[in-house]
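S.K.: Take this structure first; my questions come after.
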Amino acid sequence: MAYLTTFYWGWLLGSVLLGFAMGWISVVQRGDGISRKLRWWLSALVAALIAAALTRVVPGRFGYWLDLGLIMFALYLCGCAVGSWLRDWVVSRSAPSA
């Protein structure tokens, strides 16, 4: 894990910044979102991928790519959350009081 962060720090920083930019420019959706069944399947898929990475079931190059992809995806989601939160904070502060 430390090797991934020292060798791919530029790519990891890029995924955080890309997530921040996407969170900043995205419009907040007030719709229904995804269904409960699809949400369950997606969370099960993510849990299975994390379990496969932690138990090192996937060997070699593909396991390395799995670890790197999971780290980049997690950093992207964190960047999205921070960007969206900051945009909401800035917009709510600049809105005229009613």
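S.K.: Accessible area of the stretch 34-85 with a 1.4 Å probe: how many percent of it is carbon plus sulfur?
M.R.: For the stretch 34-85, the apolar C and S fraction of the accessible surface comes to 76 percent.
S.K.: Given a Förster radius of 30 Å and the C-beta distance between Leu38 and Cys78 as r, what FRET efficiency does 1/(1 + (r/R0)^6) yield to the nearest 0.05? Please list the in-between numbers first.
M.R.: Working: r = 22 Å, r/R0 = 0.75.
About 0.85, to the nearest 0.05.
S.K.: Say a site is exposed when it is one of the trypsin sites (Lys or Arg not before Pro), sits in a DSSP loop, and has at most 11 other Cβ atoms within 10 Å; what is then the longest site-free stretch of the chain? Numbers along the way, then the final one.
M.R.: Working: sites that count: Arg30, Arg56.
The reported range is 57-98.
S.K.: Given that just one value was derived from the coordinates, which of (1) 15.9, 55; (2) 17.1, 59; (3) 24.8, 62 is Rg and Dmax of the Cα atoms in Å?
M.R.: (2)
S.K.: Further question on the same structure: Explain nothing, just the number: dipole magnitude of the chain about its Cα centre with +1 on each Lys and Arg Cβ and -1 on each Asp and Glu Cβ, in debye rounded to the nearest 20. Working shown, then result.
M.R.: Details: 8 positive and 3 negative charges, 43 e Å.
Charge dipole of the chain: 200 debye, to the nearest 20.
S.K.: Kindly report the accessible area of the chain per residue (heavy atoms of protein chains, probe 1.4 Å, no ligands, DNA or RNA), in Å². Can you show the working numbers first?
M.R.: Values: 7940 Å² over 98 residues.
Heavy-atom accessible area per residue stands at 81 Å².
The values are calculated or read from the model by the stated rules, or taken from the named source; none is laboratory data. On a predicted model such as this, the values are computed, not experimentally measured, just so you know. Cβ atoms come from the backbone with ideal geometry, glycine included; neighbour counts cover every protein chain shown. Surface areas here come from the heavy atoms of the whole protein model, side chains and all, with no ligands, DNA or RNA. Shrake-Rupley method; radii C 1.70, N 1.55, O 1.52, S 1.80 Å.
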